[in-house]
Structures are given as structure tokens and as C-alpha cells.
Amino acid sequence: MLIREVKRIMKVKLLYFDGCPTHKETMKILEECVQEVDPTIKIEKIRVVSEGHANSLEFLGSPTIKIDGRDIDEKAQGQKDFGLKCRVYESEEGFGGVPPREMILNALQRGRYHE
């Protein structure tokens, strides 16, 4: 009897809008974190182009990272203020437009072991 392990494919998405001053830095940190957790993970970049598009994607602002459809910021769960706007993240250093590296790593780890 042959038993094969099936590896679940994690869906990682970076959502942003043109003109966002922090999406490139966020993408760089996200790529570094993915390399650390699982280099086989592919990152999909999604450019949000309108308010309607933002609503359909449940886009809380730029940049947003979603893993398997879930926002990496656990504090964002349940929020409904979608739109084309800059996003602010909280970290130990204060507030900024780039999600903290630890937040990204933790979300990737949660996604990796999520059933």
C-alpha cells in the first residue's frame, strides 16, 4: 500500500493600490518571510483599482496581506471599512504603514499548520 503525504498549498496575497508608498517595502519583507518559512510558497500581487474592487476583495487598505483569505492582522478580523486608502499597522515601535515582520511570520506559521 502506497501512502503519500499531501502538502497543502498556502495562498498568500499582497493587495495594494497604485501610489501606495509602502507596498514595495511590504513585498520585500513578505518575500523574506516566505523564504524563511517555506520557499515553495508563491505570492500573488493584486492591484486594487476601484472602490467596488476594494469592497469585493474586503480590502482594508494598502498594503494588505491575506493568507488563505484571512488578514494577517488578527485585530482586523470583522472590520468592514473597505476602500482605497493607506493602511496603518501597530507594532512595539508604534504605528506605521508596513506590517511588522513578526506579524507576517506569525501569520505564515499559522497558515502553514492550519487544517
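The values are calculated or read from the model by the stated rules, or taken from the named source; none is laboratory data. These figures come from a predicted structure and were not determined experimentally. Note: ideal-geometry Cβ built from the backbone for every residue, glycine included; neighbour counts use all protein chains shown.
What residue, among those in segment 41-65 that are of a type outside the set (Lys, Arg), in contact with a helix residue (DSSP H, G or I) (Cβ under 9 Å, 6 or more places away or on another chain) and surrounded by fewer than 19 Cβ atoms within 10 Å (Cβ to Cβ), is farthest from LEU105 (Cα to Cα)?
Within segment 41-65, the match that is farthest from LEU105 (Cα to Cα) is ILE46.
Farther than 26 Å from ILE9 by Cβ, within 16 Å of the chain's Cα centre (by Cα) and either basic (Lys, Arg) or modelled with pLDDT of 95 or more (or both): does that describe CYS33?
The answer is no for CYS33.
Kindly provide the set of residues from segment 66-86 that are surrounded by 13 or more Cβ atoms within 10 Å (Cβ to Cβ), free of Cβ contacts under 8 Å to residues at least 60 places away in the same chain and out of contact with any helix residue (DSSP H, G or I) (no Cβ under 6 Å at 6 or more places or on another chain), ordered by number.
Selection gives LYS66, ARG70, ASP71, ASP73, ALA76, LYS85.
Within segment 1-24, which residues are in a helix (DSSP H, G or I) and either over 18 Å from LEU60 (Cβ atoms) or modelled with pLDDT under 95 (or both)?
LYS24
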